[in-house]
Amino acid sequence: MRRAIGVPSGDILDVIHSWDAKKQREAQEKIALIEADALRRMKLMPGLLELCETLDTRAVRRALLTRNVKKSIDHFHEHHFGLPPFHPALGREFKPYKPNPDGILHILDHWNLPPQHCAMVGDSAKDDIVAGHRAGVLTILLDTEGKYDLEQLEGEERPHHYAQSLHHVREILWEAFDAVDGIPSVAGLKEEEAIEE
């Protein structure tokens with residue numbers, strides 16, 4: 001995507017927003033084509049349904065916070081998920097987007113819950129884990145492809161927990177929240193963890 005749009009470095013969304021209106025429209029059109037192709041190739045990540053069924057059985061609320069568009073979220077819920085949808089489900093139309101914590105704080109406010117009852121599960125140390133730390137929630141870095149060296153992550157990018165599968169995420173959630181005060185009231189899961197392309 002970066003190559004197609006011409007953004008070799010920096011936050012791709014921030015860079016695009018800094019451009020003039022015409023260049024932004026052109027970039028958004030390219031992104032729409034790339035995302036439409038991704039929708040055609042979308043499939044569930046192994047363990048997603050089992051994790052969500054377990055969360056639902058234990059009355060754990062789950063939200064979706066992604067830098068993808070709402071159209072992708074709707075497609076995911078309508079054509080792939082098969083369980084009650086994540087709610088709230090916030091796309092990049094909700095601003096400011098990650099790593100700003102406002103999306104997580106909005107979810108907590110919507111549910112009237114304190115941060116210590118929430119976990120942010122994400123596959124991006126620079127976006128998800130940073131946003132989770134800034135919101136004051138438990139952070140779990142999901143690294144199914146082994147692209148992170150945990151020892152190299154510092155500061156806000158270093159997660160509280162590291163998982164290589166959604167099964168491992170489930171174990172972490174139960175251990176972490178049972179140690180505090182019982183089953184969590186909410187677990188955050190973003191769309192990038194819910195799907196594989």
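A few remarks follow.
- Estimated from the Cβ-Cβ distance and a Förster radius of 35 angstrom, the FRET efficiency linking residue 29 and residue 83 is about 0.60.
- Multiplying the residue separation of residue 1 and residue 111 by 0.36 nm and subtracting their alpha-carbon distance yields 36.1 nm.
- Protein accessible area in the chain, 1.4 Å probe - carbon and sulfur %: 50 percent
- Convex hull volume of the Cα atoms of the chain, normalised per residue: 119 Å³.
- The chain - mean residue ellipticity at 222 nm from DSSP helices (-39,500 (n - 2.57) per run, n ≥ 4, rounded to 500): -12000 deg cm²/dmol
- Rounded if a/c under 1.5, otherwise prolate or oblate - the range 26-118, Cα gyration tensor axes: oblate
- Tensor-based shape of the range 60-106 (alpha-carbon gyration tensor, a/c under 1.5 rounded, otherwise prolate or oblate): oblate
- Average accessible surface area per residue within the chain, 1.4 Å rolling probe, Å²: 51 Å²
- Using a Gaussian network model of the chain in which every pair of alpha carbons under 10 angstrom is joined by a spring, one finds that among 114, 96, 85 the greatest mean-square fluctuation is at 96.
- Given 95/147; 23/126; 30/71; 126/147; 70/95; 70/98, the pairs whose alpha carbons are separated by over 19 Å: 95/147; 23/126
- When peptides 16-28, 157-169, 72-84 are ranked by their average number of other Cβ atoms within 10 Å per residue, the highest-first order is 157-169, 72-84, 16-28.
- Estimated dipole of the chain in Debye, rounded to 20 [Cβ of Lys and Arg +1, of Asp and Glu -1, Cα centre]: 740 debye
The values are calculated or read from the model by the stated rules, or taken from the named source; none is laboratory data. Bear in mind the structure is a predicted one, so any value in this text is a computation, not a measurement. In this analysis, Cβ positions are derived from the backbone assuming ideal geometry, glycine residues included, and neighbour counts consider all displayed protein chains. SASA here: full protein model, heavy atoms, side chains in, ligands and nucleic acids out. Shrake-Rupley method; radii C 1.70, N 1.55, O 1.52, S 1.80 Å.
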